[in-house]
Every structure is written in C-alpha cells, then in structure tokens.
Amino acid sequence: MWQGGGVRPLRASATASRARIARVAEALGPATPAAMASPTVFLVTGCSRGIGIEWAKQILARGDSLIATCRNPDSAAELNAVLAAHSGPGFAISLPLDVASEASIRALPEAIAATGKTSGVDVLVHNAGVSAPTHPVDPAETVSKAAMMDCFETNAVFSPPPLQPRPALIVGVEQVGPMLVTQACLKLLSPGKKIFFVSTAMASMERTDQASGGGSVSYRASKSGLNMVGRLIAAEWGLGTEADLAVTLCHPGWVDTDMGAAGNRSPPVQPPDSVSGMLTVIDQMGPQSTANFVDWEGVSY
C-alpha cells in the first residue's frame, strides 16, 4: 500500500505506456532520414552584424539550415565564425548580394540553386534595414529628401547606390529590399511556407501622436511603407491565394544594437532575447498570419 503521502505515482500506468510506445516503434521499424523531420530552411537578409548575427546563431543552434545574405560575406568576420563553427544537422551557407543592383537580387534564386543545398526555402526573414545618418535625431523640421528616400528604398523596396557615403553606424547594415527579394524568391516558397518581416512599433500610425512625440521621420515612415508592403504581399500571395504563404510582421523590441543604442541610448532588449522570441513567433505562424503584426513576445498590435 502507498504510504508516501500526496498523490500516488502512476508507475504501473507509465510502464504500460512505455511498453505500448516500444511496441509501436518496433512495428514501425527504425527511423529513416525520409521519415524524420527535415531541418527548416531559413533565408535571412542582413546577417553581417547586430540582430542578423543572432539570427544566424540561433537558427543553427536549433539544428535548422541557414542561407545568410550580406553585402560582402568575405569581410563578415563574425558571421563567418558562426558559420565555420556549425556542425549540423542543417546546412549553413552565406551568399553575397550586390544591394546596388536589382539584377543581383533577381539572381539570388539561381545562386541558391547553385549551392546544391536546397531547392526551396521554408522561412524568408526580412531582417535588413537602415536608419538616417543622424538617427534617432531626425525630426520633421530638418529631415532631408536624401535620408527619406534612402530609408524607403532600403527598408521597403530595394537599395540603389547610396546618395552619399554612410557613417559607420549603418554602413554594415545590409540593404536588401523586402519587396524585390520576396518577388525574386517567390518560386522558392511553396504553399504553406512563411514570410517574416522585422518591422517596428515606431511605424505604428495609431501609436504616433503628440503625446508619444515625433522624430526619426525617415526610419519610421519607411517602416510604415514596409508594413504596407507586407499587407499587399499577404493580399496577393498570402493564405487562401494560389501561393498560400503565411505572412507576419514583427516588432523586435528596442534592441541593443548599433542602431538601437545610437545617441548614447540604453535599449532594454538584448539580441538573444529578441531573436529567441521572434523564432517562437515564426514557429507559431498559422491561420492568423495574414500580415498580422505582433511583437517579439507574441503580443498583437
């Protein structure tokens, strides 16, 4: 008789369950590679620094596969170290993108195919983005056409040759436009696959008013454009269409990167926490992913 107090352990039941599982496993035979879940293939833009490096670290730590893109992989020392340390089970490759060339963006699918690693992508992560050279100081009173157009072309469409040399703050942020990259990679995304946009709560029209203050005009306006791009992609290629792709936009938090800390600020969110949360959001994408907007903790906006 059980005399230990509390709830009696279901030892007999657990043993029986293990026995049933063993019998089922024996009947099915040993697992084969075809029967096992394949690593998820992620294509991530802007992987040379900041959150991009953290995407690479955590995707590979999960055992998934990574196609990391950046302007000059050969000079991306931190990214190369992450990829070199990878030992599987998924693959890890980096590909260059000439962000000043629309032709280079269009050639990305062929470059991926040429690696022989995969014929498709499971998750396309639009991570790359830039801010104005003076970020976060960019008020309506002094914002320039050059800064606004540079941010818009980079954050929402694609990046032409820079209008002027960028300072160190944003030179390393890879500029691959979400609209044209999605367009170019559409044939790699079969029905049911996912497109994930790293946006920002700063682009929220509802949350922008006199009480919250202005500023960062170039960055915020361009990210609002990105949100519309995401909505239109979901309308044309989203769930229920022939392409049937899940689409989600996400605020990564105020993250402690070069951009986030510009102006001697102290962002409260660290890259590992932001990316870990966003990966959870990606894992949970489903019927609700019709260009829904959430933050890195999964809270809806």
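Each value in this text was obtained by applying a stated rule to the coordinates, not by laboratory testing. Note that this is a predicted model, so its numbers are computed, not measured. Note that each Cβ is placed from the backbone with ideal geometry, even for glycine, and that neighbours are counted across all protein chains shown.
Details
- The phi-based Karplus calculation (6.51 cos²θ - 1.76 cosθ + 1.60; θ = phi - 60°) puts the 3J(HN,Hα) values of the range 277-284 at x, 5, 5, 5, 4, 4, 4, 9 Hz, whole numbers, x for Gly and Pro.
- For Thr40, the residues whose modelled amide H falls within less than 5 Å of its own, excluding neighbours fewer than 5 places apart on the same chain, are Ser65.
- Approximate spin-label separation Asp74-Gln270, in nm, with each point projected 7 Å along Cα-to-Cβ: 3.5 nm
- For Phe197, Phe42, order by how many other beta-carbon atoms lie within 10 Å, fewest first: Phe197, Phe42
- The 3J(HN,Hα) values that the Karplus relation (6.51, -1.76, 1.60; θ = phi - 60°) gives for the range 222-233 are, in residue order, 5, 6, 5, x, 4, 4, 5, 4, x, 4, 6, 4 Hz. Gly and Pro appear as x.
- Residues Val269, Val41, Val198, ranked from the fewest to the most other C-beta atoms within 10 Å, line up as Val269, Val41, Val198.
- Between Glu236 and Gln288, the modelled labels are 2.8 nm apart [label points 7 Å from Cα along Cα→Cβ].
- With K and R counted +1 and D and E -1, the other residues having a Cβ less than 15 Å from that of Glu297 yield a net charge of -3.
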